[in-house]
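The values are calculated or read from the model by the stated rules, or taken from the named source; none is laboratory data. All values derive from a computational prediction rather than experimental measurement. Cβ placement follows ideal geometry from the backbone for every residue including glycine, while neighbour counts extend to all protein chains displayed. Quick note on the areas: whole protein, heavy atoms, side chains included, nothing else; ligands and nucleic acids left out. Shrake-Rupley method; radii C 1.70, N 1.55, O 1.52, S 1.80 Å.
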Amino acid sequence: MTRPRLGVCYYPEHWPVSLWREDARRMKEAGLDIVRLGEFAWSRLEPKEGEYDFAWLARAIEVLHGEGLDIVLGTPTATPPRWLVAKMPDMLAVDRNGRVRKFGSRRHYCFSHEGYARESDRIVTALAEHFGRLPAVVAWQTDNEFGCHDTVESYSAAARAAFSLWCRRKYETIDALNRAWGNVFWSMELSGFDDIDLPDLTVTEANPSHLLDFQRFSSDQVVAFNRRQAEILRRLSPGRAILHNFMGSFTAFDHHKVGDDLDAAAWDSYPLGFLERSRNSEEFKLRYMRVGDPDYQAFHHDLYRGCGRGRFWVMEQQPGAVNWAPWNPAPAAGAVRLWTHEAFAAGAEVVSYFRWRQAPFAQEQMHEGLLLPDSQPAPALDEAARVARELETLGPVTASRADVALVFDYESVWAWDIEPQGEDFSYFELVFAFYRGLRRAGLSIDVVPASAEAIANRAFVLAPGLFRADPALVGALRRSGAAVLLGPRSGSKTADFQIPPRLPPDRFRELVDVTVTRVESLRPGASVPVEKARGRCCAGEKNSSLRRA
């Protein structure tokens, strides 16, 4: 058990050296004691190929640690510098419309480009060798927000070659792949693995089995990229926690698998921005405009605690108005304090505010920090200082294992995104609706992967919308003694994204004795009378899928 700690994200490269010491003093005075640095600074750390300039970062660490602040170092691989792009222009990702994603912002690389991966290894190794054993450095963050700006999938030549190899390893023969994908349909049969193209720019929708395998492959590329960094850091900087900062409602890769290579998960919590981007009604958004969805942050705390095997941080906590939502209101008085304590109550080890001082330039100049651009305090600074004082009266906080487990499965997200069979169907929203109901009942919840280990020793397990019936999971559910609730569409596809011979498949029949004879999706507001029973079944706004048995 550890004492909850407060932190902040700081960019010394943005500010004159003359400000650093005063900034460090004010951070400590406000009760902050952890500072994240460096995650976007590659061009300053290596201005030219092979010419490192670590002196400024070393000086910043010295100044901050001199005030008693610990350091989280970020690897800078989310922002490859211009000279590197010029050296290997094919490292840039390509979007599904065939357009190269150019230099000029961030996350401009393809996860499948081996040349870029080696450059990433090189800068991470250099940083870990230089800073990895400093007492000031207590943790590392790999890269930054994997997949942000729709960058998990790339349709580059490198991605095509890597996907072909991935398919060869999975299926071994092209006949096995043709059967698994059902390529006899529409004469899509392939003669060899070199025939495999990426599932973009097809005349109409691509084969769903092809799409699902491509998403699995793309997720595996993220996992492998993160693992390379984690292995370097663990070897050269032993004893320091390795984290990655995940995002809200982001599902394009399997966060549980990335978490397997981390010491703790982290995520970036922006309650007001997430609310504005959500599917909620206008009435709901107006009601919670300045505090955020009451369940949304809690869901992600519980999800990422599971990804971190019981350990998680909030790496970026919203302190004021953001710049990236459709509308960007300021938080209500006390909201930042509320969000911080909520995270600690869920077991967060650290809550770190983004950012120390609002930048007066570039893409995020309207993103408020703890200080305004002129260094005057923003409202959240006082709230952070108040939380710091309150934490002095609290002991260590740990989140105990909950009796209720809610399964969240990334493959099911991908399957139902590929084939929603109803315009408003969303696996994420389906699971979140179950979560809201459990919260209304006053229950503590662990959001867990679809694994036997995760559902063991529970009183109640909910698994809404699992697209396939995994034998190990079904066996564990049968033996668990827990009450089990399966939601709509459970087991309605095979692992190859085909309809099984019977619905639900034989494996799920071990848990539920029903037969699905017909499937339809209904528009919101439609209803179907239920025979031999009172009442009727209505298609709701969030899930217009209906099955009759």
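Computed quantities for the displayed model
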read-out	value
Prolate/oblate/rounded call for the stretch 391-469, Cα gyration tensor, a/c under 1.5 rounded	prolate
Globularity ratio of the stretch 75-189, using Cα Rg and 2.2 N^0.38 Å	1.36
Translational diffusion coefficient (Stokes-Einstein; Kirkwood radius from C-alpha pairs) of the stretch 1-86 at 4 °C, 1.567 mPa s, in µm²/s	94
Å² of accessible area per residue within the chain, as computed with a 1.4 Å probe and no ligands counted	44
The stretch 42-120 - percent relative contact order, Cα under 8 Å, separation 6 or more	25
Sites matching trypsin sites (Lys or Arg not before Pro) across the stretch 362-454 that sit in DSSP coil, with at most 13 neighbouring C-beta atoms within 10 Å	401
Lys pairs, the chain - Cα-Cα below 18 angstrom, 8 or more residues apart or on other chains	4
Over the stretch 228-353, volume per residue of the alpha carbon convex hull, in Å³	110
The chain: relative contact order in percent, alpha carbon pairs under 8 Å with at least 6 residues between	12
Length gained when the stretch residue 389-residue 249 is fully extended (0.36 nm per residue, less Cα-Cα span)	47.2 nm
Heavy atoms of residue 28: accessible area, 1.4 Å probe, square angstrom to 10	80
Cα principal axis extents for the stretch 186-251, largest first, Å	55, 31, 16
Candidate residues 194, 143: accessible-area rank, largest first, probe 1.4 Å	194, 143
Value at 222 nm in deg cm²/dmol, rounded to 500, when DSSP H runs of n ≥ 4 in the chain each add -39,500 (n - 2.57)	-11000 deg cm²/dmol
Residue-level accessible surface for residue 173, protein heavy atoms, 1.4 Å, Å²	70
Ratio of the Cα radius of gyration of the chain to 2.2 N^0.38 Å, where N counts its residues	1.01
Residue 434 - accessible surface, heavy atoms, 1.4 Å probe, Å² rounded to 10	50
FRET efficiency, residue 197 to residue 18 (Cβ-Cβ, R0 41 Å, nearest 0.05)	0.15
Two-decimal log10 I(q)/I(0) for the stretch 283-391, as the Debye equation yields it once each C-alpha is a single scatterer, q = 0.13, 0.14, 0.18, 0.20 Å⁻¹	-0.51, -0.59, -0.95, -1.12
Computed over the stretch 177-321: relative contact order in percent, which uses C-alpha pairs under 8 Å that are six or more apart	21
